[in-house]
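**Q** Once you've had a glance at the structure underneath, I'll fire off some questions.
The values are calculated or read from the model by the stated rules, or taken from the named source; none is laboratory data. From a predicted model like this one, the values you see are computed outputs, not experimental measurements. In this analysis, Cβ positions are derived from the backbone assuming ideal geometry, glycine residues included, and neighbour counts consider all displayed protein chains.
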Ligand code: BEZ
């Protein structure tokens, strides 16, 4: 069965570009952006890997580690990283899983046979420090992902956890958030002394940056 939001991210031990990792040990206490790409030495993947490396300070600011995966070997990954660094003007430091036998790709449902029976599609799992899957996203092989959205959703998950709120359509950090319908007005007044705006009984905005 496909992995779902709220599931514990399955554990695995595997070779990566920075040595063998046990996923649960490695990811303990931090958020993880775990993402697959179809293959090394391909153009779209090269740009995505470069962007992930360039955004290292942004991920770090969010206590989030990046972990890539494709069904290639460590040697192939290491050779390809040289191309990524040169062409994308970066230094890639995060680990990339070498999943040549597709063991982890199958475990995480990253192989979509109508796209390819041997290579992973562009899957994203955002996993929280308790190892729960908090977001899944799947892109086809020929479409590069939007990394602004990946950072935005990390921000939304973290601000939601910190404040017990939800985020509206197209929310951006710093803008108003939504008080969930499960919170009564009486409780909202206690929880948000800065006040809130009620548009409808079930549509209430609050500014948690105040
Ligand atoms: C790419 O990374 O460019 C790519 C990989 C597989 C299929 C299509 C594009």
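**Q** Return the pair list, or none, for Cβ contacts closer than 9 Å from residues in the range 185-208 that are on the phi > 0 side of the Ramachandran plot to residues that are at pLDDT 95 or above, at least 6 apart or on different chains.
**A** Partner pairs satisfying both residue conditions: 195/189; 195/206; 195/207.
**Q** Considering only residues that are farther than 22 Å from residue 36 by Cβ and within 17 Å of the chain's Cα centre (by Cα), which ones fall in the range 140-166?
**A** If the condition is that a residue be farther than 22 Å from residue 36 by Cβ and within 17 Å of the chain's Cα centre (by Cα), then 155, 156, 158, 159, 160, 161 are the ones that fit.
**Q** For the structure I just gave you, tell me whether residue 107 is surrounded by 19 or more Cβ atoms within 10 Å (Cβ to Cβ) and assigned by TED's automatic domain parsing to the domain that holds residue 35.
**A** No.
**Q** Using the structure shown, decide if residue 83 is in a helix (DSSP H, G or I), within 16 Å of the ligand (Cβ to nearest atom) and either assigned by TED's automatic domain parsing to the domain that holds residue 119 or over 18 Å from residue 16 (Cβ atoms) (or both). Before you say what the answer is, go through the steps one by one.
**A** On the way: in a helix (DSSP H, G or I): yes; within 16 Å of the ligand (Cβ to nearest atom): yes; either assigned by TED's automatic domain parsing to the domain that holds residue 119 or over 18 Å from residue 16 (Cβ atoms) (or both): yes.
Spelling it out, residue 83 is indeed in a helix (DSSP H, G or I), within 16 Å of the ligand (Cβ to nearest atom) and either assigned by TED's automatic domain parsing to the domain that holds residue 119 or over 18 Å from residue 16 (Cβ atoms) (or both).
**Q** In addition: Kindly indicate whether any position in the range 28-41 is without any contact (Cβ under 8 Å) to a residue 60 or more places away in the chain and touching a helix residue (DSSP H, G or I) at 6+ places or on another chain (Cβ under 7 Å).
**A** yes
**Q** What do you reckon, is residue 71 surrounded by fewer than 21 Cβ atoms within 10 Å (Cβ to Cβ), modelled with pLDDT of 95 or more and within 16 Å of the ligand (Cβ to nearest atom)?
**A** So residue 71 fails the test.
**Q** A further question on this structure: Being buried (at least 16 other Cβ atoms within 10 Å of the Cβ) and either out of contact with any strand residue (DSSP E or B) (no Cβ under 8 Å at 6 or more places or on another chain) or part of a loop (DSSP other than H, G, I, E, B) (or both) is the filter here, so list the residues in the range 86-99 that pass it.
**A** Selection gives 88, 90, 92, 94, 95, 99.
**Q** Something else now. Got a number for residues in the range 110-152 being away from the ligand (no atom under 16 Å from the Cβ) and touching a strand residue (DSSP E or B) at 6+ places or on another chain (Cβ under 7 Å)?
**A** Going through the range 110-152, the residues away from the ligand (no atom under 16 Å from the Cβ) turn out to be 125-137, 148-152.
Next, only the ones that are touching a strand residue (DSSP E or B) at 6+ places or on another chain (Cβ under 7 Å) stay: 125-129, 131-137, 150.
Residues that pass the stated criteria total 13.
**Q** Related question: Does the range 167-190 hold any residues that are touching a helix residue (DSSP H, G or I) at 6+ places or on another chain (Cβ under 8 Å) and surrounded by 15 or more Cβ atoms within 10 Å (Cβ to Cβ), and which are they?
**A** Within the range 167-190, 167, 171, 177, 179, 183 qualify.
**Q** Which members of the range 31-47 meet the condition of being within 11 Å of the ligand (Cβ to nearest atom) and surrounded by fewer than 21 Cβ atoms within 10 Å (Cβ to Cβ)?
**A** 39, 41, 42, 43, 44, 46, 47 - these are the residues of the range 31-47 that are within 11 Å of the ligand (Cβ to nearest atom) and surrounded by fewer than 21 Cβ atoms within 10 Å (Cβ to Cβ).
**Q** Next up: Applying the selection to the range 74-85, what residues are surrounded by 14 or more Cβ atoms within 10 Å (Cβ to Cβ) and more than 23 Å from the chain's Cα centre (by Cα)?
**A** 76, 83, listed by residue number.
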